[in-house]
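Everything below concerns the one structure shown next.
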Amino acid sequence: MTAPTASTRIPQGVHHVAYRCRDAKETVEWYEKHLGMRFILAIAEDRVPSTGEPDPYMHIFLDAGGGNVLAFFELPTQPAMDRDRNTPKWVQHLALKVDSMDTLLATKARLEAAGIEVIGPTNHTLFQSIYFFDPNGHRLELACDTGTPEMMRRLDEVKWAMLEEWSQTKRAPQHARWMHDGSPLDA
């Protein structure tokens, strides 16, 4: 398979990612207080623009940095929020990038001081991260890149072989075991 080029790739970037929230005001205040994300836009409608069906909502947008936007919908007439019970809680999450380990550790301390339970830092070899939940039950990850150009090059070399093996066996390929067992990069 040929990798897409800039001329064949359709998206230019992520416009926004949207989740549901229980309370729009609570959500804005939580993200501003704990992650310093600026509230940039609110849209409220009584009908869904794409379908025309009646369903009042509040749609809020937060600045996630780097031109990225995190959005939420409050849907007061819909059944209470729930999650996909067939998917483990650790799978569905939003990972946000931070600039340094100092920022990661300082944010962890600030969250814990506010009574928010935090897991980590977890060392993923290429990055370290912390995990916690927002007031809506969405799992968030803050990640700090720690991988080297050589690590990224090595992973790039084996990505298609790993995917093909996984596709056939549904078992974890060992092409990059160095990431998890501490073996040398050239093993």
Where is the GNM fluctuation largest for the chain (alpha-carbon springs, 10 angstrom cutoff): PRO88, PRO56, PRO135? PRO88
From phi via Karplus (6.51, -1.76, 1.60), per-residue ³J(HN,Hα) for segment 68-78 in Hz, x at Gly/Pro: 9, 10, 10, 10, 9, 10, 9, 10, x, 9, 8
Test item: Cα-centred dipole of segment 75-184, Lys/Arg +1 and Asp/Glu -1 on Cβ, debye: 280 debye
Cα-centre dipole for the chain with unit charges at Cβ (Lys and Arg positive, Asp and Glu negative), debye to 20: 320 debye
Considering only the chain, what is the antiparallel percent among its DSSP beta bridges, to the nearest 5? 70 percent
Among ALA42, THR8, ALA106, flag the residue with its Cα farthest along the positive direction of the charge dipole of segment 1-148, charges on Cβ as +1 for Lys/Arg and -1 for Asp/Glu. THR8
In whole angstrom, the spacing between the Cα centers of segment 8-29 and segment 39-100 equals 5 Å
Which lysines, if any, have their Cα less than 17 Å from the Cα of LYS97, not counting same-chain residues under 8 positions apart? LYS108
Using a Förster distance of 25 Å, how high is the FRET efficiency between THR77 and ALA18, based on the Cβ-Cβ distance and rounded to 0.05? 0.90
Give me a comma-separated list of calculated 3J(HN,Hα) values for segment 176-184, in order, Karplus coefficients 6.51, -1.76, 1.60 applied at θ = phi - 60°, integers in Hz, x for any Gly or Pro. 10, 4, 3, 5, 10, 10, x, 5, x
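Please compute the contact order of the chain in relative form: average sequence separation of alpha-carbon pairs under 8 Å and at least six residues apart, divided by the residue count, as a percent.
16 percent
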Given the DSSP H assignment, sum -39500 (n - 2.57) over each helix run of at least 4 residues in the chain and divide by its residue total; what's the result at 222 nm in deg cm²/dmol, nearest 500? -8500 deg cm²/dmol
DSSP loop trypsin sites (Lys or Arg not before Pro) in segment 1-74 with at most 16 other Cβ atoms within 10 Å of their Cβ, which ones? ARG9, ARG22, ARG38
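Laboratory data are not the source of any read-out in this text; all were calculated from the coordinates shown. Being a predicted model, the structure only gives us computed values, none of them experimental. Methodologically, a virtual Cβ is constructed for each residue, glycine included, from the backbone with ideal geometry; neighbour enumeration extends over all protein chains shown.
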